[in-house]
Each structure stands twice: as C-alpha cells, then as structure tokens.
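Trainee: The following block contains the structure, expressed as structure tokens.
The values are calculated or read from the model by the stated rules, or taken from the named source; none is laboratory data. All figures in this text were calculated on a predicted structure; none of them were measured in a lab. Note: ideal-geometry Cβ built from the backbone for every residue, glycine included; neighbour counts use all protein chains shown. Heads up: the accessible areas ignore ligands, DNA and RNA and are worked out on the full protein's heavy atoms, side chains in. Shrake-Rupley method; radii C 1.70, N 1.55, O 1.52, S 1.80 Å.
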Amino acid sequence: MVEVPTIAQGHDRQSNRLLLAVGIVGTAFCLRLVFASLSLRLPEIVSATGLQPWQVGVLTTLPVLCLGLCAPLTPLLARRWGIERSLFGALFFIALGTGLRALGPVWALFSFSLLAGGAIAVANVLLPTLVKRDFQDRTALLTGTYVTAISGGAALAAAITVPVEVMLGGGWRTGLSIWAVPALGALLLWWPQLRSKGGRGVDVVLPVVGLWRDPLAWSVALFMGLQSALAFCVLGWLAPILRERGLDAVTAGLVVSVLIVVQLATSLTVPSIATRRPGQKLIAVLLSVSATAGLLGLLLAPLTQVWLWAVLQGLAQGGLFSLALTMVLLRSPDSHVASHLSGMAQSVGYIPAALAPLGVGLLHQWTGGFDAVAGLVVLIGFGLVVTGMVAGRSTLVTARTTAVFAREPAEA
C-alpha cells in the first residue's frame with residue numbers, strides 16, 4: 001500500500017526546509033567577520049604588539065590560506081559526522097577562534113585566527129552542497145540570499161567595530177572579540193538540524209572520479225580564487241590603505257562598509273540572471289573588469305572620488321562572488337560533484353586568495369607605499385577575465401560519482 005503524505009507531513013517538510021534555510025543564512029553571516037574586523041584595527045594592533053610588516057602580512061594571509069588547506073578535509077568530516085553536525089562543529093570553532101584570538105599574547109592572535117580560518121573553510125564547502133542537495137528548486141534565490149548574508153556580516157563588522165568597542169570602553173582586543181557573539185547565535189539557529197539522521201548527511205560524500213583532470217573544473221576553481229584574491233585584498237588592506245592616504249579610522253571603516261553593503265544588490269540579482277542564461281561568459285567579463293577598475297580607483301584616484309569607486313568595486317565584487325558560487329552549482333551534474341567541486345574550488349582557489357594580501361603587504365614594505373599594488377590588481381583582473389570566459393561556458397564538468405556507499409554518520 002502506497003503511503004500518501006498528509007497535510008501535516010507537508011507542513012513539517014516545509015518547516016524543516018525553512019529552518020534549514022535560516023541555518024544556512026545564519027551560518028553565512030559569520031563567514032567574513034574575522035577578516036573584516038581585523039583589517040580595520042591593524043594600525044592599532046601593530047602599535048600595541050610591535051609586529052613587523054612581514055608579520056602583519058602573515059597575520060592577514062594565514063587565515064585565508066587555511067580556507068584552502070582545510071577545504072579538502074571537509075568531505076571526510078561530512079562522511080564521518082554528517083553535514084549538519086560538521087557545520088555545527090565549524091560554527092563552534094569559528095566562535096571559539098574569534099572570541100579568543102585577541103584575549104591573550106601575540107601567539108594566541110595567530111593561533112586562534114588560524115583555528116577560525118580552518119572552521120570557516122568547512123562551512124564554505126558545505127553550504128553550496130546543502131543548496132544543491134535540498135534547494136534544487138530555489139538555487140538562485142538561496143545562493144543569492146546566503147551570499148548577501150556573507151557580505152552583510154562583513155559590512156556590519158567594518159561599520160561598527162570601532163563604535164562598539166568605544167561604547168564598551170575597550171580597545172582593539174574588545175573590537176576583535178565581540179564578533180564571537182553572532183557565531184554563538186548561529187549555533188542556536190543550527191541546533192534543530194542536529195536531529196538529522198541517516199542518509200541526509202551521507203549523499204554528499206560519495207567519491208567522484210575525473211574532477212582534478214577536468215580543465216573546466218580548474219577554470220571554475222581559479223575563477224573562485226582570483227575573485228577571492230580581490231575580495232581579501234579589500235577586506236585585509238583597503239582600510240589601512242585609505243588611512244595611509246589620509247582618511248581617519250571611522251571614515252575608512254565607513255567606506256569599506258559601504259563597499260560591502262552595495263554588494264548585497266548584485267549578490268541577490270546575479271545568481272538569478274546567471275541561472276537564466278546557458279552561459280555566463282559575458283557576465284564574468286563585465287564583473288571582472290568593473291571590480292578591477294574599482295579597486296584601481298580606490299588605490300590611485302583622488303580621495304574626493306572614493307565613494308564612487310567604492311560603489312563600483314562593491315557592486316562588481318558582490319556579483320563576482322555570487323557568480324563564482326553559482327558556477328560551482330551550474331557546472332556540476334549533481335550534489336555529489338558539487339560538493340567535491342566546491343572543495344576543489346576552495347582548495348585551489350584560496351591559494352591565490354591567500355597570496356594576494358601577502359603580496360600587498362610585501363609590496364608596501366618594499367616600496368614604502370601602495371602605488372605598486374596597482375600592478376598586482378591588474379594581473380589579478382586579467383586572470384579573472386581569462387578564467388571567467390572558460391568557466392562561463394554552457395557545459396558540465398566530466399567528473400562523475402562512483403558506486404561507493406559512504407558509511408552512516410556517527411551518532412551523537
């Protein structure tokens with residue numbers, strides 16, 4: 001006898017989907033707080049700790065590098081514990097690393113920043129997988145929404161870190177540590193998902209073959225990494241650059257915040273536009289050129305034009321990020337391949353994303369200014385155009401899942 005779903009069961013499924021969507025968005029909100037809050041307080045951190053320029057470069061680079069180094073481990077974690085439990089654990093360590101990074105000696109600043117970066121890597125890989133698995137009918141909407149949440153969290157951190165630490169009567173250590181609070185809130189949002197049992201967390205970890213030999217997969221990965229390189233240059237260095245050019249800390253933070261806030265418009269709209277087209281080459285090229293031009297304007301143009309260039313760069317950067325995540329889904333035939341392609345994109349892609357902020361720091365140290373950074377930005381922009389034209393083709397990666405069944409996730 002075939003069991004007919006009741007109205008109550010239908011409501012339960014809708015409620016579960018809504019809770020899952022809220023958990024995804026809440027998790028996404030926490031994924032850039034560590035980076036945005038750190039960059040704004042770099043001058044104060046250097047003054048208080050006596051960090052050398054190369055150490056500042058390492059501090060801004062290592063957490064980003066963790067995003068790439070830890071990404072390949074994520075499918076193994078999901079296979080052992082399930083997606084929901086793995087994400088809950090990632091949020092716990094994001095909160096722990098964010099809260100403790102500034103409360104001890106300098107080694108704690110580095111160590112707990114690395115811990116937070118590694119946990120963010122796990123969440124970065126698994127969120128697109130959940131969208132592909134459970135929201136096939138709402139891919140563009142949910143991708144746009146959670147990318148918007150990522151940008152919104154970064155914008156909020158850039159805008160209110162200094163005012164909140166002043167209100168609380170603390171220094172830079174307070175300003176860095178307060179961003180553990182949203183991660184703790186996201187843990188509460190994610191708690192209902194820990195009831196997931198059985199196969200829901202297992203599908204994603206099926207092995208795939210042929211992915212690392214696929215040129216299209218490499219193009220998607222490099223496009224993801226190069227757009228992230230621009231993004232982390234902005235998050236890690238734009239505030240110090242603008243302060244060195246003559247803006248005060250609050251104004252520099254507001255510029256970065258406005259740049260990130262305007263990303264919300266393209267974060268929401270670009271996935272919808274991209275999924276309606278067979279290919280995304282034209283979108284990729286337009287966004288790449290605009291993001292590069294905007295950052296060059298912030299580096300070189302008169303400060304009277306800073307808001308114009310911030311808006312241009314922010315609109316293009318938000319579109320690039322959401323387009324990169326959307327192309328991971330569009331180029332994948334199923335959620336299994338999407339999970340591994342997401343891991344590959346972040347493993348390969350976050351290497352240039354980590355090296356770019358380090359390059360900015362080294363160029364500043366060698367030349368005594370930021371003008372030379374313009375050449376690095378142009379190089380990144382050229383790479384974005386090339387990889388975007390390949391990754392935007394209307395085709396799928398050739399990788400396929402194998403007939404190997406993952407074991408059940410561990411019981412709580």
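Trainee: All but one of (1) under 17 Å from the mean Cα position of the chain (by Cα); (2) closer than 24 Å to Val25 by Cβ; (3) of a type outside the set (Ser, Thr, Tyr) hold for Leu184, so report the exception by its number.
Mentor: (1)
Trainee: Kindly indicate whether any position in the stretch 229-252 is out of contact with any strand residue (DSSP E or B) (no Cβ under 6 Å at 6 or more places or on another chain), farther than 26 Å from Ala372 by Cα and among the basic types (Lys, Arg).
Mentor: No: the stretch 229-252 contains no residue that is out of contact with any strand residue (DSSP E or B) (no Cβ under 6 Å at 6 or more places or on another chain), farther than 26 Å from Ala372 by Cα and among the basic types (Lys, Arg).
Trainee: OK, next. What is the one condition in (1) farther than 23 Å from Gly50 by Cβ; (2) open to solvent by 10 Å² or more (accessible area, probe 1.4 Å); (3) modelled with pLDDT under 85 that Ala157 does not satisfy?
Mentor: (2)
Trainee: If you take the residues of the stretch 264-316 that are under 23 Å from Lys132 (Cα atoms) and among the polar types (S, T, N, Q), which of them is modelled with the highest pLDDT?
Mentor: The residue in question is Gln280.
Trainee: Residue by residue through the stretch 30-64, note down the ones that are open to solvent by 50 Å² or more (accessible area, probe 1.4 Å) and either of a type in the set (Lys, Arg) or under 22 Å from Asn124 (Cβ atoms) (or both).
Mentor: Leu62
Trainee: Is it the case, given these coordinates, that Ala123 is buried (at least 19 other Cβ atoms within 10 Å of the Cβ), in a helix (DSSP H, G or I) and at pLDDT 85 or above? Full working, then the answer.
Mentor: Working: buried (at least 19 other Cβ atoms within 10 Å of the Cβ): yes; in a helix (DSSP H, G or I): yes; at pLDDT 85 or above: yes.
Criteria met by Ala123.
Trainee: Would you mention how many residues in the stretch 88-112 are modelled with pLDDT under 90, in a helix (DSSP H, G or I) and open to solvent by less than 10 Å² (accessible area, probe 1.4 Å)?
Mentor: 2
Trainee: Still on this model: Consider the stretch 341-362. How many of its residues are over 14 Å from the mean Cα position of the chain (by Cα) and open to solvent by 40 Å² or more (accessible area, probe 1.4 Å)?
Mentor: Total meeting the criteria: 3.
Trainee: When the stretch 326-338 is examined, which residues are found to be over 22 Å from Thr402 (Cβ atoms) and open to solvent by less than 10 Å² (accessible area, probe 1.4 Å)? Before you say what the answer is, go through the steps one by one.
Mentor: Taking the stretch 326-338 as the starting set, the residues that turn out to be over 22 Å from Thr402 (Cβ atoms) are 326-327, 330.
Thr326, Met327 - these are the residues of the stretch 326-338 that are over 22 Å from Thr402 (Cβ atoms) and open to solvent by less than 10 Å² (accessible area, probe 1.4 Å).
Trainee: So which pairs qualify, if the first residue must be in the stretch 300-312 and more than 20 Å from Leu286 (Cβ to Cβ), the second must be open to solvent by 70 Å² or more (accessible area, probe 1.4 Å) and in a helix (DSSP H, G or I), the Cβ gap must be under 9 Å, and the two must be at least 6 apart or on different chains?
Mentor: What qualifies is Ala301/Leu308; Leu303/Arg245; Val306/Arg245.
Trainee: Condition first: touching a helix residue (DSSP H, G or I) at 6+ places or on another chain (Cβ under 9 Å), open to solvent by 10 Å² or more (accessible area, probe 1.4 Å) and not aliphatic (A, V, I, L, M). Now tell me which residues in the stretch 136-145 satisfy that.
Mentor: We begin by selecting, within the stretch 136-145, every residue touching a helix residue (DSSP H, G or I) at 6+ places or on another chain (Cβ under 9 Å); these are 136, 138-145.
Right, trim to open to solvent by 10 Å² or more (accessible area, probe 1.4 Å) and you get 136, 138-142, 145.
Within the stretch 136-145, Gln136, Arg138, Thr139, Thr145 meet the criteria.
Trainee: Looking at (1) over 19 Å from the mean Cα position of the chain (by Cα); (2) farther than 30 Å from Val166 by Cβ; (3) surrounded by fewer than 24 Cβ atoms within 10 Å (Cβ to Cβ), which is the only condition Thr304 fails?
Mentor: Of the numbered conditions (1) over 19 Å from the mean Cα position of the chain (by Cα); (2) farther than 30 Å from Val166 by Cβ; (3) surrounded by fewer than 24 Cβ atoms within 10 Å (Cβ to Cβ), the odd one out for Thr304 is (2).
Trainee: All but one of (1) surrounded by 19 or more Cβ atoms within 10 Å (Cβ to Cβ); (2) modelled with pLDDT under 90; (3) among the hydrophobic types (A, V, I, L, M, F, W, C); (4) farther than 28 Å from Pro128 by Cβ hold for Phe321, so report the exception by its number.
Mentor: Condition not satisfied by Phe321: (4).
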